[in-house]
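The block underneath contains the structure these notes are about, expressed in structure tokens.
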Amino acid sequence: MTLVILLFTTLSQDLFETEQEKDFETILFLLEDLKNNPVDLNTADLKELSRIPFLKISDCLRIISYRGKVGMYESVDELYMIKGIDKGLVDLIRPYLYVKTKPLKWKGLQSRLRLRKDLDKNGSQEYYTRTTFEVNDYRVFLVTEKDPYESSVIDYYSGGILITEGKRKFALGNYNLDFGSGVMLSSTGSFFQSNEFRLLTREQGVIPYTSTAENGGFFGSALIDSLLLNYCLFYSNQKLDGRIDTSGYARSLDPSGNHIDSASIACKDCIREEIFGYNLSYTKNNLQVSQSSYWSTYEPGFICSDSTIGFYGKNYSSSSLGLKYYADQFVTFAEFVRSFQNRFGGVFGWTGLLPYNFEFNLAGKYFNPGFYAPKGAEAEDDYIGCFIDLGNHSRLFYAGTTINIYSNNQADTNNYDLRLNLGKAFGITEAKITFRWLYRDEFKELSGSRVFLRIKPKKFIYLDLRLEEKYVYGDSLRKGIFGSVECGFERKFTIIKTRLGIFNTDSYSARIYVYEPDLPGIISNRMLYGDGKYGFAYLSLKILRNISISVKYCIMNKDIIIQHIGSQVDIKL
């Protein structure tokens, strides 16, 4: 079981809790950047506010609408006056907003050193460093890593420079590209789960690549500028890990950064990937039209034995068309992609506000079987899906419903996932309840429920109680249940958190995912199955003005006792 990490210990539990592994490193980088360069609450438009991952489009529209009716904000606390924005959300977004003449922009040197270790295994140490230097319009960064699969002192390193002059950006070295929903290019993945909906309408463009995933991102150069159209040109030439046998078969590229053949370095840097591409966009009257294409070659060419496509060969190409429309009360978006071997995929949707303080989200998705984009999404099946979300924030409580419909045309199955969400804050207590039902063909299945209760007698003290059940119907009924108690203390210079949980599941199919805070800089989820207990203790101290130290200990008692420990030092000069 891997150690589960978090950048800011106040991250929303609902935002990152997902049954899919995603690389959220770019979101973490964005949050750190926003903390050093907060958004002006009195001048920010929809695009600027939506850069804050915790804000849904409907939240951004409420903030802008209130500003238009009442006038300029005098403080961030004035957000409490807006219907649909509660105190918990304001506390969450406060570090990324300001109401001043000029933004508080930090310039200088930041350095991070992290160590993680499995106490039950020898040679399981993981090291990670990241150093960023920023002056004027220039940002230089260097990342190094040593994972448990290598004996060298530094197994992996990457670096780069990002120059920003107004709308013009130039990157050299390692970087990511994010032009919105990301079916083709976004490092944050595409629309497969409903909780990714809030990511779809955002676009960051070029982002310095800070992840330790060795096969992720791009290595080369990228330029964003404007002539007759806004454009981005990018080029990448890097070596990837992958084990290829004498017949030309490969076990696939390894996006996690862990070497496929962990017993040796035989698979390291075996495939050269070269990419050239572009993104064009044109905006008029709140309508944005974009078109992206890229071509890649692999040397040597190979057959991917565990891919749904079955053959990559030497050459690959992909092309997409994107549409976005920004209105006063809603945003619509769409992205359609033609990928390798005439596979097609796409997402489209609408998100915004309705009368009487209702918020409404609608999105659809379609993928051919075997759709694949090396820097974006992948779909194993012929997949059609639709997501509908309707909610209302009143002074009394929050009530909403979510319907997720997805079909596998090859298996001729239709699934309907229905959720009823209720929330209420009263005094020092906040409660959230979710009921779930799953309809499959002619069968109705109770999929489980979740109850979350937070008690916060003071701003810096909280107690969380969580109970979740899960039912999975296949050849037989499989059940899972999880309960936990967590308490925390958060002050300006000290953060202490501890959790104790128990779980009991009938099988792996009834597994339960638990979001867990940990050392700054990584987001993941803990997967619980079987019968056991687990817990953690977390401490973060700001010992000096520019130096912070974080320590985390985690233990799981299932078939055997598994213990992890991690520590991290952050320095700003």
Notebook entry, point to check: For the subset of the range 218-249 comprising residues that are part of a loop (DSSP other than H, G, I, E, B), open to solvent by 10 Å² or more (accessible area, probe 1.4 Å) and of a type outside the set (Asp, Glu), which member is modelled with the highest pLDDT?
Noted result: Leu229
Checklist line | Residues of the range 342-374 satisfying the condition of being part of a strand (DSSP E or B), farther than 21 Å from Thr402 by Cβ and open to solvent by 40 Å² or more (accessible area, probe 1.4 Å) | finding: Arg343, Phe344
Notebook entry, point to check: For Tyr294, all conditions in the list (1) at pLDDT 90 or above; (2) open to solvent by 10 Å² or more (accessible area, probe 1.4 Å) hold save one; what is the number of the exception?
Noted result: (2)
Next item on the list: For Asp559, state whether it is within 17 Å of Lys121 (Cα to Cα) and surrounded by fewer than 16 Cβ atoms within 10 Å (Cβ to Cβ).
Entry: yes
Next item on the list: Answer with yes or no whether Ile384 is open to solvent by 40 Å² or more (accessible area, probe 1.4 Å) and modelled with pLDDT under 85.
Entry: yes
Next item on the list: Collect the residues in the range 480-523 that are surrounded by fewer than 18 Cβ atoms within 10 Å (Cβ to Cβ), closer than 23 Å to Asp570 by Cβ and of a type outside the set (A, V, I, L, M), keeping them in residue-number order.
Entry: Phe489, Glu490, Arg491, Lys492, Phe493, Thr494, Thr498
Next item on the list: Can you run down the residue pairs with Cβ atoms below 6 Å, 6 or more apart or on separate chains, where the first is in the range 103-126 and modelled with pLDDT of 80 or more and the partner is part of a loop (DSSP other than H, G, I, E, B) and of a type in the set (Asp, Glu)?
Entry: Glu126/Asp147
Checklist line | From Lys572, Lys533, residue being in contact with a Ser or Thr (Cβ under 9 Å, 6 or more places away or on another chain) and open to solvent by 30 Å² or more (accessible area, probe 1.4 Å) | finding: Lys572
Check: Of all residues in the range 202-212, which are modelled with pLDDT under 70 and either open to solvent by 10 Å² or more (accessible area, probe 1.4 Å) or out of contact with any helix residue (DSSP H, G or I) (no Cβ under 9 Å at 6 or more places or on another chain) (or both)?
Finding: Arg202, Thr212
Check: Of the numbered conditions (1) in contact with an Asp or Glu (Cβ under 7 Å, 6 or more places away or on another chain); (2) open to solvent by less than 10 Å² (accessible area, probe 1.4 Å); (3) over 23 Å from Phe452 (Cα atoms), Tyr473 satisfies every one except a single condition; which is it?
Finding: (2)
Next item on the list: Looking at (1) open to solvent by 20 Å² or more (accessible area, probe 1.4 Å); (2) of a type in the set (Gly, Ala, Ser); (3) under 30 Å from Gly391 (Cβ atoms), find the lone condition where Ser319 falls short.
Entry: (3)
Note to self: Condition first: of a type in the set (A, V, I, L, M, F, W, C) and in a loop (DSSP other than H, G, I, E, B). Now tell me which residues in the range 31-41 satisfy that.
What the structure shows: Leu41
Checklist line | Tabulated pairs, the range 420-437, first modelled with pLDDT of 85 or more and open to solvent by less than 70 Å² (accessible area, probe 1.4 Å), second of a type in the set (Lys, Arg) and outside any strand (DSSP E or B), C-beta under 9 angstrom, 6+ apart or interchain | finding: Glu430/Lys87
Note to self: Tell me whether the range 542-555 contains one or more residues that are over 24 Å from Glu32 (Cβ atoms) and open to solvent by less than 50 Å² (accessible area, probe 1.4 Å).
What the structure shows: no
Item checked: Failed criterion for Val347 (all others in (1) at pLDDT 85 or above; (2) within 30 Å of Gly391 (Cα to Cα) hold) -> (1)
Margin query: Residues that are open to solvent by less than 50 Å² (accessible area, probe 1.4 Å) and touching an Asp or Glu at 6+ places or on another chain (Cβ under 7 Å), at least 1 per element: which helices (runs of 4 or more DSSP H) completely within the range 42-153 meet that?
Written below: 57-70, 87-93
Next item on the list: Filter the range 544-572 down to residues that are closer than 19 Å to Lys492 by Cβ and modelled with pLDDT under 90, then give me how many there are.
Entry: 4
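The values are calculated or read from the model by the stated rules, or taken from the named source; none is laboratory data. No experiment lies behind these values; they were computed from the predicted model shown. So basically every Cβ, Gly included, is an ideal-geometry build from the backbone, and we count neighbours across all protein chains shown. Heads up: the accessible areas ignore ligands, DNA and RNA and are worked out on the full protein's heavy atoms, side chains in. Shrake-Rupley method; radii C 1.70, N 1.55, O 1.52, S 1.80 Å.
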